[in-house]
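The values are calculated or read from the model by the stated rules, or taken from the named source; none is laboratory data. As the structure is a prediction and not an experimental result, all values here were calculated from the model. Note that each Cβ is placed from the backbone with ideal geometry, even for glycine, and that neighbours are counted across all protein chains shown.
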Amino acid sequence: MTVKKFILTAAVLFFSLGGAVYASYGSEACQPIYGGGETCVLKGNLLINKSVKNPQTNEFVDNLSRSNDPKYMSGQIVEFQLTVTNTGNKKINEIEVTDILPNYLDFQSGPGTFDSNNKKLTFKIVGLEPNQSKTYTVKAKVSGNISFSQAVNCVVNQAKAVSGDNESSDIAQLCIEKTVTTTKGGLPVMPAPGLKQTPATGPEMLGLAALIPAAGAGLFLRKFKVKK
């Protein structure tokens, strides 16, 4: 084996092992988002954890899956928890936290200021000591205007905490089940078809109305002539 080939082989092996170690480390800190996309960000000595309440057990969990976990329905209140932790050994003076609500969730309550245009909640944490955590609650309501066509649709709520070079984000997934109204026989209730156009009753119909007596008179004269 030549020296050049040996160096090339060693480099490939090094980067392969390094990538595997990095991927393994990243999978422990982050969780996949349903449907793809960025999983999470973890930089510096700041950690944010986002969780959602299970509607059956009332326990906060990281995510609610489409297949095995209970679903939310229109009109129900969804409760989230955000826990921000200073993982370093120095005090963090100020942290800005943002929480973005997904489609089909309407903001109800939470700390800070909510912008309804971009569905973003923003608030600040002042003075977080080393290894100290603070937890906040955000509530939202499942919208009554659900437009998705499938029976179940999963959405993701994302929260982010930033302080200088420190940055962390996390997500919580929940799934919404579309409510279907049924009859006593179990058949779905379909909405009545709308009337596309109302029959005309304006002045343009007067001409047709005037022809009715004339038509009646003609028919009478025809019958009279036949009898004669």
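General remarks:
- Filter result for residue 39 (over 15 Å from the mean Cα position of the chain (by Cα), modelled with pLDDT of 95 or more and in a loop (DSSP other than H, G, I, E, B)): no
- Test: residue in the stretch 42-51 that is under 26 Å from residue 144 (Cβ atoms) and at pLDDT 95 or above: yes
- Residue in the stretch 75-97 that is in contact (Cβ under 8 Å) with a residue 12 or more places away in the chain, over 16 Å from residue 55 (Cβ atoms) and aromatic (Phe, Trp, Tyr) present: no
- Out of 96, 129, sole residue that is at pLDDT 95 or above and touching a Ser or Thr at 6+ places or on another chain (Cβ under 8 Å): 96
- Qualifying residue in the stretch 15-28 (condition: more than 18 Å from the chain's Cα centre (by Cα), surrounded by 11 or more Cβ atoms within 10 Å (Cβ to Cβ) and either in a helix (DSSP H, G or I) or modelled with pLDDT under 95 (or both)): yes
- Residue that is modelled with pLDDT of 95 or more, basic (Lys, Arg) and more than 20 Å from the chain's Cα centre (by Cα), where the choices are 160, 134: 134
- The residues listed here are 67, 143; of these, the one that is modelled with pLDDT under 95 and more than 13 Å from the chain's Cα centre (by Cα) is 67.
- For the stretch 43-84, the tally of residues that are surrounded by 17 or more Cβ atoms within 10 Å (Cβ to Cβ), outside any strand (DSSP E or B) and touching an Asp or Glu at 6+ places or on another chain (Cβ under 6 Å) stands at 1.
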